[in-house]
1. Show that you can apply the helix-only estimate: for the chain, add -39,500 (n - 2.57) for every DSSP H stretch of four or more residues, divide by all residues, and state [θ] at 222 nm to the nearest 500.
2. Give, as a single signed number, the net charge of other residues whose beta carbon lies under 13 Å from the beta carbon of V36, with Lys and Arg counted +1 and Asp and Glu -1.
3. Extension gain D55-N21, at 0.36 nm per residue separation less the Cα-Cα distance, in nm?
4. State the percent of C-alpha pairs, over all pairs in the chain, separated by a distance greater than 20 angstrom.
5. Compute the longest continuous run of the chain that contains no exposed trypsin sites (Lys or Arg not before Pro); treat a site as exposed when its DSSP state is not H, G, I, E or B and it has at most 10 other Cβ atoms within 10 Å.
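Readers should treat all values here as calculations from the given coordinates under stated rules, not as data from a laboratory. Just so it is clear, the structure is predicted and the values come from calculations on it, not from any experiment. So basically every Cβ, Gly included, is an ideal-geometry build from the backbone, and we count neighbours across all protein chains shown.
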Amino acid sequence: MRAALVVTGTEVLEGRVRDENGAMVAASLAAAGVAVQRITVVGDGIDEILSAVADALASGVELVVTTGGLGPTHDDRTMDAVALA
């Protein structure tokens, strides 16, 4: 199985916060036999997330994993973007 990882967070994209989750998720997937084909870091905007998820799906991977965001709050647009992709 092939996967793509989309890390969301403007603070990560701008280098203000170091991404810890992406490497951990990629390592966990690899340990489970999943080949991570790409890791993309995007800001928190719905259009950025939508584009990254759509690009990942178009690349032919079987699994797209997102990490980052704020969780189930009004300003986390990850679920909206994934639904549109």
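1. When only DSSP H runs of four or more count, the value is -11500 deg cm²/dmol.
2. Details: positive: R2, R38; negative: E62.
Local charge sum for V36: +1.
3. Length gained between D55 and N21: 10.2 nm.
4. Details: 1068 of 3570 pairs.
Of all Cα-Cα distances in the chain, 30 percent exceed 20 Å.
5. It runs 19-85.
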